[in-house]
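Laboratory data are not the source of any read-out in this text; all were calculated from the coordinates shown. Fair warning: this is a prediction, and the values are worked out from it, not measured in the lab. All Cβ positions, glycine included, derive from the backbone under ideal geometry; neighbour counts span all protein chains shown.
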């Protein structure tokens, strides 16, 4: 977590470790999205090694379905928390989602993308998001 200051414990009631967990959790979002988009098939080529092998008896399709549901639930948790944090200011949704799921994102970068608010308000919403996220995971 380089250059990321944790939340004020007195104001939000979460430790720097809880903040770090929420921060790291959200940074996995792009990995989940990529895995969800790429893992669609259970068909794999057989491994020919010349050695006898045992079949595990597991259902590859069921395993894939369970993993995809798990990934979708994790992504939904982050998205729902962003929605709750921005409240009625729906125009901030895409910016906050991108901000919390991109390592090294800055307000200056968001401002160049056209974020419709000022720094103080955005950071207030961001802090509230991490507070909510730490409570959900």
Order these peptides, 17-23, 85-91, by their mean beta-carbon neighbour count within 10 angstrom, highest first. 17-23, 85-91
Full extension from residue 11 to residue 79: what is 0.36 nm times the residue separation minus their Cα-Cα distance, to one decimal in nm? 22.1 nm
Roughly what would the spin-label model give for residue 62 and residue 34, points 7 Å off Cα along C-beta, in nm? 3.1
Extension gain residue 72-residue 91, at 0.36 nm per residue separation less the Cα-Cα distance, in nm? 4.5 nm
